[in-house]
Amino acid sequence: MAIRAGVRLSARILIVDDHLAVRTTIRSLLDWHSFQVSGDAKDGKEAIEKVIELKPDIVLLDINMPVMNGIQTAYEIRRIAPSTKIVFFTAHDSPQLVSAMRVFSNYFVSKSAAGTELIPTLNRLAEISGDKPAHRPKSRPAVT
């Protein structure tokens, strides 16, 4: 856990997706909710390198990617950094796939449900690792 300007920073997160727009959008969402994004990667091979270099607490991982898919990547992450939490973040959400992916991940969040499920899931994982996320104060109406 790090402290910046007196604010506690939450779990370090690595975003792995082959689409730049997805990585950028998710980074903005996580920044808004005071998560610390330690980096991002465009494929599984790059993700493995970043896990070794950055030592994230949580990896947000797409499944369909070039070079090395998300399942192969999750297997490698489990091998080299077993305490790193993995959240599969994908457009594919068939019950069979979700069930099969539980072997390699802590959670599964469908991209179509990102707006409602991603932040609560990451909050739960951050608390499990003993690192509670900083809360952004709610804006209050101006007093005139």
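Full extension of the chain between S112 and I80 yields a length gain of 8.5 nm, computed as 0.36 nm times the residue separation minus the alpha carbon distance. Our estimate of slack between L20 and L54, defined as 0.36 nm per intervening residue step minus the Cα-Cα distance, is 10.3 nm.
Give the carbon-plus-sulfur fraction of the accessible surface of the stretch 19-86 in %, rounded to a whole number; probe 1.4 Å, heavy atoms of protein chains only.
Values: 1950 of 3390 Å².
Of all accessible area on the stretch 19-86, carbon and sulfur atoms account for 57 percent.
Rolling a 1.4 Å probe over the protein heavy atoms gives the stretch 27-66 an accessible area of 45 Å² per residue.
So, by mean Cβ neighbours within 10 angstrom, what's the order for 114-124, 81-91 with the highest one leading?
81-91, 114-124
The values are calculated or read from the model by the stated rules, or taken from the named source; none is laboratory data. Nothing here was measured: the structure is a model prediction, and the numbers come from that model. Cβ sites come from the backbone with ideal geometry, for glycine too, and all protein chains shown count toward neighbours. Note: areas computed on protein heavy atoms with side chains; ligands, DNA, RNA excluded. Shrake-Rupley method; radii C 1.70, N 1.55, O 1.52, S 1.80 Å.
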